[in-house]
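Shown next, in structure tokens, is the structure this report addresses.
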Amino acid sequence: MLDVVGSLREEASLNCPYGRLLEVLGKPHTLAILYSLQMDSPLRFTKIQKSLGLQPKILTARLQELVDFGLLSRKAYNEIPPRVDYELTTRGKELHKLFDELRVWSDKYHITDKPGGRNRKRAN
């Protein structure tokens, strides 16, 4: 079964030039993390965690993926308690264009997330 899934994923990435990008950005919480850093950067790990309400293990994994992908930089300080800041790289900062396009598309089709819930209006 895993071979079939791996083969389907490989085939899809061959047919879509943006497969790897979409794989990274499509993981849970990734866009929320990037959006937070678009609004205010650099941010401490604890501030990101508290603002998004994520478990440390999940946030650590997502941040590491974004660092590995070149969208974020990580700076650890030799302090007690430990302090780690994350900041958008030049590559990551350019994602503001993606967020701008998503906002335009969302506004056009009246798709909104309201604070405190995920109520969406859909229009055809």
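The values are calculated or read from the model by the stated rules, or taken from the named source; none is laboratory data. For clarity, every value in this text was computed on a predicted model and none was experimentally measured. Cβ: placed from backbone, ideal geometry, glycine included. Neighbour counts: every protein chain shown. Accessible surface is based on the protein model in full, side chains and every heavy atom, while ligands, DNA and RNA are left aside. Shrake-Rupley method; radii C 1.70, N 1.55, O 1.52, S 1.80 Å.
Here are the numbers for this structure:
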read-out	value
Selection count where residues are open to solvent by less than 60 Å² (accessible area, probe 1.4 Å) and modelled with pLDDT of 80 or more, scope segment 1-25	3
Selection count where residues are of a type outside the set (Asp, Glu), more than 19 Å from residue 39 (Cβ to Cβ) and not in a loop (DSSP other than H, G, I, E, B), scope segment 54-65	6
Top-ranked residue of segment 66-85 - restricted to ones that are outside any strand (DSSP E or B) and open to solvent by 50 Å² or more (accessible area, probe 1.4 Å), ranked as modelled with the highest pLDDT	68
